[in-house]
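The values are calculated or read from the model by the stated rules, or taken from the named source; none is laboratory data. In this text, all values refer to a predicted model and were calculated from it rather than measured experimentally. Ideal geometry is used to build each Cβ from the backbone, glycine not excepted, and the neighbour counts take in all protein chains shown.
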Number of protein chains: 2
Amino acid sequence: MTDLLAATAELVDIASPSLAEGPFADLVEGWLRDVPWLTVDRHGDNVVARTELGRDQRLVLAGHLDTVPANDNEVARIEGDTLWGLGSADMKGGLAVFLELARTVDAPTCDVTYVFYAAEEIAAEHSGLLQLFRERPDLVAADAAILGEPTDGWIEAGCQGTARVRLSLTGERAHTARPWKGRNAIHRLGPILEAIAGYEAREPTIDGCTYREAIQAVFVEGGVAGNVVPDEAVLTVNLRIAPDRTLDEAVDAFRSMVAPWTEDGDGFEVVDRSEPAPPSLTHPLLAPLVEAGTPVRAKLGWTDVARFAEHGIPAINLGPGDSSVAHMRDEHVTRDSIERVHAALHGLLTAS
Amino acid sequence: MTDLLAATAELVDIASPSLAEGPFADLVEGWLRDVPWLTVDRHGDNVVARTELGRDQRLVLAGHLDTVPANDNEVARIEGDTLWGLGSADMKGGLAVFLELARTVDAPTCDVTYVFYAAEEIAAEHSGLLQLFRERPDLVAADAAILGEPTDGWIEAGCQGTARVRLSLTGERAHTARPWKGRNAIHRLGPILEAIAGYEAREPTIDGCTYREAIQAVFVEGGVAGNVVPDEAVLTVNLRIAPDRTLDEAVDAFRSMVAPWTEDGDGFEVVDRSEPAPPSLTHPLLAPLVEAGTPVRAKLGWTDVARFAEHGIPAINLGPGDSSVAHMRDEHVTRDSIERVHAALHGLLTAS
């Protein structure tokens, strides 16, 4: 079998920072065009390779080609069974697994669409995956999807939703020497921040996955001048929402939570929102992974899994490498982690 | 007697926005050079006129020549006994009184220094009064001082001090989906803001003047990214300090107040400070004003009174016009207010 750690090292040595992943996409496209059982499409810097075996079900295996900028770690280095280097965990280990499967599994038990896409590490407007959903939805149509983001071989099921709420508190300006003539909007933040800090996170369990919601202040801003009682303070709060409720429900609950200290004239605006995605572990294309003993946990962060869920495609995360070293100078991945993921997916694609 | 409302209107019609008060200073200088009992010095855009009668005591009467920018109110307009227009209250009414006294009181019972100075309405670096203290301290030397800032004819005694404290709270960054791995610095503001909002102001009475201290948040800032638990939050607080304690004492008291929620690694920095000034109402040059029935109250804001106090010169505010209309489009002053101040000061300079 291919040495997947060495194969990952070769991918690390091909620079592919966001918006400059074109040359890497060219190479991937070339490798896949040599595979007789795949139909390959290139769209922008995205490469999509599909089997067309007429199976009842189609599974997407998707991974992004790009990395964050180098941090003195752009050269791959193998020590024993560990590979160090930019993108080794996020997510060239996953890409190496997908490329190996694409080139070796000629008759999978479901049809497979391998999606290698651009620009995941930067603002959503550049996302290659969104570009495909928008411009070539036929290329990403499927019954279920697996993203190769680093999970160290665990199934990370679904993902939590995220919303950002911008809460504007009003007050009335006055000179700070006569503050009783005004009303301090910054002071009004006090009990609201105390309530947020004291929030006890919901921890619902769905399909055996325990999620953990969060409410976190992420920005605060206010002030007019050094001698003026401020008439506005703006708090931006990030809500992380488990998939047992909708984003609207979570936003309404937050609104009720701060209601004792807000009033008419204050602003409450949802400035950014992505729905949570359910775990989908009972889907017939995904359940065999669980049955085969792949360990399962909830995905707390937000990933492109949610993009698939938005399009009605159940999706999970499953890839080699530890997400906690992603974007770090000491990013690395182990042979064991890569091989476990390969074994799990190979089993899924070839099980009778 | 001169019509002081009309005289004030003439001064309003001479534009003198900060840093462009030179032509007005030229006129004032010319008027005063015609007065035989005055020695006139020009320094920058400051004009100083002194009697040199060899009296035991010397009193400064000081006022600034400049105004804030016009707000569609640069033309003087008299309706009945009210004058409307830019600077009518702050402080060309006071200047009209001082010019009248300078030109009519030829033998005051104390020596008098009339100080007409530039650039009070803008940053301290431009202050004409500070320029005089720095470069020509002989011109502003005195035993006591009266500033003609608008007090509607009240003696506003002394002034409160002011300090700005910059409190930096630290935390630890983490992804907002896993906030328990970090520590939210913005959340730490909650109890501190509650303590500040709940602060019960000290209200000491000195020489019959009741001061009212204040602690007010004036700026707040924090945040890293929409999905990051922030590791710093900065709160700037303005302390207003009565003259029965020093600025250092007030800052220490504030430090103790927030101590339950701050810790090593947080920042606590005094970024701006001006000491309070005592009421000085028992000074022999000022006491006669009180004895003559001029009403007295504490000065809560900070004025150039504190500059004199810093140089060991007891000072008070006393001028026509209401400070609450200063810097407003509908700025105005009444004949009664101007004449009361003139009468009080004329009495002071001529009492046996």
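Could you list all residues from the stretch A:229-240 that are modelled with pLDDT of 95 or more and touching a helix residue (DSSP H, G or I) at 6+ places or on another chain (Cβ under 7 Å)?
A:233, A:235, A:237, A:239
Tally the residues that are touching a Pro at 6+ places or on another chain (Cβ under 8 Å) and within 30 Å of residue A:240 (Cα to Cα), restricting the search to the stretch B:228-259.
1
If you go through the stretch B:204-226 one residue at a time, how many are in contact with a Ser or Thr (Cβ under 8 Å, 6 or more places away or on another chain) and surrounded by fewer than 18 Cβ atoms within 10 Å (Cβ to Cβ)?
So the answer is 3.
Just one of (1) within 9 Å of chain B (Cβ to nearest Cβ); (2) buried (at least 16 other Cβ atoms within 10 Å of the Cβ) trips up residue A:201, so point out which.
Every condition holds for residue A:201 apart from (2).
Can you give me the number of residues within the stretch B:194-213 that are part of a loop (DSSP other than H, G, I, E, B) and of a type in the set (Gly, Ala, Ser)?
3
Do we have residue A:194 as surrounded by fewer than 18 Cβ atoms within 10 Å (Cβ to Cβ) and within 8 Å of another protein chain (Cβ to nearest Cβ) here?
yes
Let's see how each residue does on (1) crowded, with 24+ Cβ neighbours inside 10 Å; (2) of a type in the set (A, V, I, L, M, F, W, C); (3) touching a residue at least 40 places away in the same chain (Cβ under 8 Å):
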position: A:56; (1), (2), (3): no, no, yes
position: A:76; (1), (2), (3): no, yes, yes
position: A:86; (1), (2), (3): yes, yes, yes
position: A:122; (1), (2), (3): no, yes, yes
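Which fully enclosed strands (runs of 3 or more DSSP E) of the stretch A:1-103 have 2 or more residues being among the charged types (D, E, K, R) and over 17 Å from residue A:148 (Cα atoms)?
It comes to A:39-43, A:77-79.
Have a look at B:66, B:81, B:72 and point out the one that is more than 22 Å from residue B:1 (Cβ to Cβ) and touching an Asp or Glu at 6+ places or on another chain (Cβ under 9 Å).
Numbers: B:81 fails: more than 22 Å from residue B:1 (Cβ to Cβ); B:72 fails: touching an Asp or Glu at 6+ places or on another chain (Cβ under 9 Å).
Within the list B:66, B:81, B:72, the selection yields B:66.
Search the stretch B:264-311 for residues being of a type in the set (Asp, Glu) and without any contact (Cβ under 8 Å) to a residue 12 or more places away in the chain, and hand back the single one that is nearest to residue B:60 (Cα to Cα).
Once the filter is applied, the top-ranked residue is B:291.
For residue B:338, are the conditions met, namely being in contact with a Pro (Cβ under 7 Å, 6 or more places away or on another chain), outside the structural domain of residue B:111 (by TED's automatic domain parsing) and within 23 Å of residue B:120 (Cα to Cα)?
no
Output the strands (runs of 3 or more DSSP E) that fall wholly within the stretch B:104-193 and possess 1 or more residues being modelled with pLDDT of 95 or more and polar (S, T, N, Q), or say none. Steps first, answer last, please.
Numbers: elements: B:111-117, B:144-147, B:155-157, B:161-170.
Result: B:111-117, B:161-170.
Working only within the stretch B:154-187, note down all residues that are crowded, with 22+ Cβ neighbours inside 10 Å, over 26 Å from residue B:244 (Cβ atoms) and more than 7 Å from every other protein chain (Cβ to nearest Cβ).
Across the stretch B:154-187, the qualifying residues are B:169, B:185.
Output the residues belonging to the stretch A:323-338 that are surrounded by fewer than 19 Cβ atoms within 10 Å (Cβ to Cβ), touching a residue at least 24 places away in the same chain (Cβ under 8 Å) and not hydrophobic (A, V, I, L, M, F, W, C).
A:327, A:329, A:330, A:336, listed by residue number.
Quick grid of which residues meet (1) modelled with pLDDT under 95; (2) aliphatic (A, V, I, L, M); (3) over 30 Å from residue A:157 (Cα atoms):
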{"residue": "A:203", "(1), (2), (3)": "no, no, no"}
{"residue": "A:216", "(1), (2), (3)": "no, no, no"}
{"residue": "A:242", "(1), (2), (3)": "yes, yes, no"}
{"residue": "A:255", "(1), (2), (3)": "no, no, no"}
{"residue": "A:278", "(1), (2), (3)": "yes, no, no"}
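Answer yes or no as to whether residue B:267 is within 24 Å of residue A:173 (Cβ to Cβ), in contact with a strand residue (DSSP E or B) (Cβ under 7 Å, 6 or more places away or on another chain) and in the same structural domain as residue B:171 (by TED's automatic domain parsing).
Details: within 24 Å of residue A:173 (Cβ to Cβ): no; in contact with a strand residue (DSSP E or B) (Cβ under 7 Å, 6 or more places away or on another chain): yes; in the same structural domain as residue B:171 (by TED's automatic domain parsing): yes.
Answer is no for this residue.
What's the total number of residues in the stretch A:82-116 that are within 24 Å of residue A:53 (Cβ to Cβ) and of a type in the set (D, E, K, R)?
Count: 4.
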